[in-house]
Amino acid sequence: MTSSTFHRAALVLIGAAALAGCGPSEPKTAGVPVGADRLSEGQYRQTIADIFAPDIKLGGHFEPAMRKNGLLAVGESVAAMSPAGFEQYDIMARTIAAQVVDAKHREALIPCKPANEKKPDAACAKQTLTKYARLLWRRPVTDKELEPAETLADTAADAKNDFYSGLAFGLAQLMDSPNFIFRKDVAETDPSDPGKLRLTAYSKAARLSYFLWNTTPDDTLLKAAEAGELDSRSGLDKQVARMAGSPRLQDGVRAFFVDFLNFDRFDSLAKDAAIYPVFSEKVAKDAREQTLRTLVDLLVVEKADYRDIFVSRKTFLTRNLGVVYQVPVAAEKDWEQHEFPVGDPHAGILTQLSFTELHSHPGRSSSTLRGKAVREIILCQPVPSPPANVNFTVVQDTSNPKFKTARERLTAHRTEATCAGCHKIMDPIGLGLENFDGAGQFRNTENGAPIDPSGEIDGIKFADSASLGQAIHDNPAATACVADSLFRYAAGRDFDAGERDWRKWLGEQFKASGYRIPDLMQTIATSDGFFAVKAAKEDAKEAMNAH
Amino acid sequence: MPTNLTRRRVLRGMLGGTTVTVALPFLDCMLNTNGTALAAGRPLPVRFGTWNWGLGMNSQRWVPTKLGPDYDLLPELKYIEAYKSQINVFTGFKAMLDGKPNLPHISGMQAVRAGGVAPSMQNPMDIPTIDVLIGDVTGTDTRFRSLEMTSTGDPKHSYSYRSANGFNPAEVSPVALYARIFGPDFQDPNAADFKPDPAIMLRKSVLTGVTDQRQAFMTQLGAADRTRMDEYFTSVRQLEQQLELQLQKPPPAEACHVMAKPADGPIGTEIGVAMANHKLMAQILAMALACNQTKIFNMVFSDSASSLRMPGEQMIHHLMTHEEPVDKDLGYQPKATYFVERSMEAWALFVATLANIKEGDGTLLDHCLVMAHSDTEYARIHSISGIPVMTAGSAGGRIKTGIHVSAIGEPITRIGLTVQQVMGVPVEKWGQGSMQTSKPVSEIQI
């Protein structure tokens with residue numbers, strides 16, 4: 001073997017190793033202090049459905065979640081709770097508990113029968129509360145912790161002359177507890193390095209489960225935590241592989257994209273009925289689901305390259321959506337797979353209703369809002385806030401024959417010095433989607449003038465919506481953005497200053513996997529960086545000592 | 001008899017026949033409002049609230065030309081005519097930024113409501129707002145610490161903050177608001193008989209058990225997380241206090257007459273829908289105040305960058321202020337101005353709703369202080385000098401009303417300071433940086 005062929009062979013080997021995820025080893029990180037993330041609405045709902053039964057109704061509503069640096073998951077890590085917000089949690093706790101003990105559910109959900117239904121039964125109450133405390137608090141509960149709920153269940157059973165009514169009070173207390181509503185991490189001394197802290201196995205289990213499945217740890221995962229398996233590399237890998245191989249990974253992927261793509265905004269989406277008669281709540285609901293189905297199918301079922309979401313012509317439609325997309329849908333009630341033909345302006349998720357209608361005004365499309373959404377959501381590039389003293393008047397003057405289309409109006413806008421800086425980085429992207437009106441319907445003209453859907457992003461010129469998707473597909477910021485966001489979503493926090501090398505490493509792993517989202521999730525879930533913790537600052541210690 | 005009473009024994013005893021009042025641990029705040037001091041002759045409570053509309057006004061059509069009492073009403077303010085003698089108008093006061101950027105629709109809100117400079121678009125308020133500061137002093141002797149409402153349909157349209165991450169979301173549905181206040185937990189203060197519901201005590205015990213978890217839960221958390229968890233435990237405590245109140249006979253409230261449940265209707269930003277929901281919410285709130293369910297409220301008629309809209313119109317109100325040409329003959333933006341006038345019409349209706357309820361020797365409005373304000377003066381350029389502010393009601397005769405005060409260039413925090421002092425907050429100076437002031441608006445002081 002000549003030296004040059006040896007080198008080539010070695011390079012091939014290195015390349016193969018990198019593709020197999022055996023690239024550079026994971027950089028060490030110091031970790032961050034433990035926190036307590038509030039369960040999101042989706043997590044709360046799924047947790048109750050999994051622990052009790054899918055038909056259990058919540059009976060209350062959630063405070064609006066706050067987005068921090070682009071993600072609700074990061075907002076949940078700093079969210080407090082208002083009195084009105086807690087009132088609703090209490091209503092939900094009582095409503096859920098009442099259903100758990102009702103005649104319909106008690107047979108399946110209460111693990112024992114009281115000696116006399118009209119009287120307290122301390123043993124059965126304890127058995128039930130112990131079972132559900134472990135599931136709701138995601139860890140075993142001490143006798144001392146459980147005692148107030150047991151007492152309450154007994155006392156209330158006495159007062160109400162009904163074992164089950166009494167039990168409901170005890171169960172409600174478990175769900176009103178911060179141990180349920182907040183996912184609090186607990187750190188312990190690392191036996192392999194007594195100078196350091198590590199997360200307890202139960203905290204690891206909760207992190208894994210809410211990240212990969214968007215729900216509470218199942219019994220298998222809790223048992224693995226109990227047995228100490230999550231503290232070993234092989235045990236952790238085994239559980240992550242099990243969870244990544246389950247169909248429930250789709251729930252985790254969906255939950256991430258609901259957050260990442262700002263789909264909570266569908267809650268307050270409204271369109272003017274006279275301008276967009278095609279819009280309805282049902283269409284909006286289906287539009288949201290269309291994109292989620294498209295993503296799950298591409299990324300999880302087909303294990304496609306993440307970048308394909310910006311170019312893929314495959315999607316799913318209902319009859320409601322067929323009307324808007326002007327595509328016949330045979331299925332009367334169900335979803336139908338559909339592939340837009342080559343040359344069709346619909347290609348990639350940016351051309352789907354969930355993007356075009358969400359990033360528009362109630363009565364008008366908006367290249368600026370769409371360009372801003374591509375920058376901030378898809379590429380993680382925040383656009384500065386507008387200056388206070390601006391004059392947009394020319395943009396709106398549709399009666400001016402020079403400014404019939406959005407392109408003409410926005411060109412005038414981008415030449416205004418105070419606005420130009422920011423609008424140059426937004427509008428030319430959004431103009432690529434001008435063929436879709438404010439409700440996402442295709443159109444060729446605006447105010448009688450033909451629409452020119454060409455544009456530009458970061459120096460790359462494109463001709464129309466489909467080639468805009470290709471430009472995003474090729475933009476390295478798109479993959480960096482989703483990798484960063486997935487970690488920040490999983491950890492419920494922003495990157496720490498000491499994690500620069502780790503972040504770079506994560507990006508390399510993602511690239512080496514061929515930009516596969518399930519692989520990226522597995523990389524995060526099995527990494528040391530995901531679980532690394534350190535003690536809070538001195539002030540926290542002092543406060544702890546003071547108690 | 002054992003000397004060491006277990007929780008179980010105490011609870012059983014409480015429910016087993018002893019009178020409820022003996023077993024209940026009274027809180028300081030309840031002692032303040034309980035017992036003989038509250039018998040006949042009890043002074044009527046003074047309530048505080050805010051009322052917000054987005055995107056300001058046209059000063060040439062809104063700002064009265066005459067100062068002091070009996071000010072004149074220009075076209076955009078003519079709607080308040082019937083209640084002019086009970087409304088003060090504050091013009092020319094300034095939000096100061098101390099070199100920080102004017103964040104559109106945010107900086108003005110933080111200045112008026114919290115006396116500070118807004119840190120960023122993402123973090124609009126980072127210090128407590130005036131309603132929270134006043135609520136902390138007026139106490140929690142009502143069922144609800146405060147009530148927040150918006151007629152826009154979006155629960156995020158609330159400007160009541162305890163901290164950067166602790167905001168009080170708004171009720172968006174009149175039906176839900178009604179159910180929350182006048183649902184099964186409501187106790188009619190004028191009911192002839194009172195029987196405490198034992199289930200209420202059990203519910204309270206649920207929460208006491210949660211409160212007891214505080215110390216253990218705080219372990220290992222850093223300072224910021226401990227602060228937010230304290231907010232959570234404060235919210236739990238608030239609900240406990242609500243339940244404690246329900247175990248006692250409420251003092252009679254002569255003005256309390258519960259209205260019928262409103263019918264389900266649409267919710268959203270379309271102007272007709274928002275006006276209808278605002279009207280219903282005003283009625284429900286007025287009755288909640290008359291029935292002593294809360295002493296603090298925040299009503300958002302429209303959000304600070306108003307998303308209200310007219311049917312069939314491409315632009316929402318906010319877009320109009322920026323993109324609608326100024327009519328050369330009229331000298332203002334006619335479509336955007338339509339919303340200013342609807343806002344003032346809604347404000348007048350809100351005031352009328354409080355004024356139409358007789359209470360004591362006067363009206364419910366007489367025992368309120370409502371601060372109405374916007375986020376900008378002239379929205380087209382996001383001007384925050386001269387943000388319009390009004391107050392309605394005399395706070396039980398504690399201030400003069402019917403006066404127009406103009407203080408061009410003076411910090412707008414002077415209004416907030418005055419309002420806090422009137423409501424009994426022991427504060428001598430208020431506001432951040434250049435906006436810090438110790439000078440109340442003397443023109444309305446008694």
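Since every read-out is calculated from the coordinates, none of them should be taken as a lab result. Everything numeric in this text was worked out from a predicted model, so none of it was measured. Quick reminder, even Gly has a Cβ in these numbers, built from the backbone with ideal geometry, and neighbours come from all protein chains shown.
What to note about this one:
- Model label points for A:His105 and B:Lys429, set 7 angstrom from Cα along the Cα-to-Cβ axis, are 5.7 nm apart.
- Other protein chain Cβ atoms within 10 Å, averaged over every residue that makes up B:209-216: 6
- Stretchable slack from B:Asp329 to B:Asp197, in nm (0.36 nm times residue separation minus alpha-carbon distance): 40.9 nm
- Sparse-neighbourhood loop sites, trypsin sites (Lys or Arg not before Pro) in region A:194-243 - DSSP loop, at most 12 other Cβ within 10 angstrom: none
- For the cross-link pairs A:Lys113/A:Lys160; A:Lys204/A:Lys534; B:Lys358/B:Lys439; B:Lys66/B:Lys439; A:Lys131/B:Lys195; A:Lys504/B:Lys100, the ones whose C-alpha atoms lie over 25 Å apart are B:Lys358/B:Lys439; A:Lys131/B:Lys195; A:Lys504/B:Lys100.
- The protein assembly as shown, helix-only ellipticity at 222 nm - DSSP H runs n ≥ 4, -39,500 (n - 2.57), divided by all residues, nearest 500: -12500 deg cm²/dmol
- Dipole of the protein assembly as shown, positive end: most advanced residue of A:Cys481, A:Thr215, B:Leu349 [Cβ charges, Cα centre]: A:Thr215
- Computed from the C-beta positions of B:Glu254 and A:Glu376 and an R0 of 51 Å, the FRET efficiency is 0.40 to the nearest 0.05.
- Shape category assigned to region B:75-154 from the gyration tensor of Cα positions, a/c cut at 1.5: oblate
- Label zone at A:Lys113 (point 7 Å along Cα-to-Cβ), backbone N below 16 Å, region A:145-166: A:163-164
- Global size of chain B as Cα Rg and Dmax, reported in angstrom: 23.0, 90
- Neighbour cut-off at most 12 other Cβ (10 Å), DSSP loop, trypsin sites (Lys or Arg not before Pro), region B:289-386: B:Lys328
- Percent RCO, i.e. relative contact order, over chain A, from Cα pairs under 8 Å lying at least 6 residues apart: 17
- Result for chain B in a Gaussian network model with C-alpha springs under 10 Å: among B:Val112, B:Val326, B:Val425, the largest mean-square fluctuation is at B:Val326.
- Degrees, to the nearest 10: A:476-491 long Cα axis against longest axis of chain A: 20
- Farthest towards the positive end of the charge dipole of region A:19-161, among the residues A:Gln46, A:Ser77, A:Ala123, is the Cα of A:Gln46, using unit charges on the Cβ of Lys, Arg, Asp and Glu.
- Placing +1 on the Cβ of every Lys and Arg and -1 on the Cβ of every Asp and Glu, with no other charges, gives chain A a dipole of roughly 480 debye about its Cα centre.
- Label zone at A:Val323, where the point sits 7 Å out along the Cα-to-Cβ direction: region A:270-305 residues whose backbone N lies under 12 Å: A:277-284
- Stretch gain in nm, segment A:Ala123-A:Ile460, where the contour uses 0.36 nm per residue and the Cα spacing is subtracted: 114.2 nm
- Label zone at B:Leu67 (point 7 Å along Cα-to-Cβ), backbone N below 16 Å, region B:395-421: B:403-411
- Summarising the label geometry, the points placed 7 Å from Cα in the beta-carbon direction at B:Ala263 and A:Ser385 lie 4.3 nm from one another.
- Chain B: relative contact order as a whole-number percent, Cα under 8 Å and 6+ apart: 30
- Remark: mean inter-chain Cβ contacts per residue of B:156-164 equal 3, using a 10 Å Cβ-Cβ cutoff to other protein chain atoms.
- With Cα atoms defining each centre, region A:143-161 and region A:241-269 are spaced 38 Å apart in the structure.
- By DSSP, the beta bridges lying fully in the protein assembly as shown are antiparallel in about 60 percent of cases.
- Here the dipole of chain B is about 1120 debye; that uses its Cα centre as origin and unit charges on the Cβ of Lys and Arg (positive) and Asp and Glu (negative).
- Each of A:Lys144 and A:Ala241 was given a label point 7 Å from its Cα along the Cα-to-Cβ line. The distance between the two points is 4.1 nm.
- Build a GNM of chain B with springs between Cα atoms under 10 Å apart, and of B:Met310, B:Met371, B:Met125 the one that fluctuates most is B:Met310.
- Given +1 at the Cβ of Lys and Arg, -1 at the Cβ of Asp and Glu and no other charges, the dipole of the protein assembly as shown around its Cα centre is 920 debye to the nearest 20.
- Note on chain B: with a GNM built from Cα contacts shorter than 10 Å, the maximum mean-square fluctuation among B:Ile80, B:Ile412, B:Ile381 falls on B:Ile381.
- Between the helical axis of B:223-246 and the longest alpha-carbon principal axis of chain B there is an angle of about 70 degrees.
- Given charges at Cβ of Lys, Arg, Asp, Glu: region A:166-316 dipole, positive-most of A:Leu197, A:Leu261, A:Phe169: A:Leu261
- Between helix A:281-295 and chain A: long-axis angle, C-alpha atoms, 0 to 90°, nearest 10: 90
- For region A:429-495: rounded, prolate or oblate by the Cα gyration tensor [a/c cutoff 1.5]: prolate
- Summarising the strand pairing of chain B, around 45 percent of its internal DSSP beta bridges are antiparallel.
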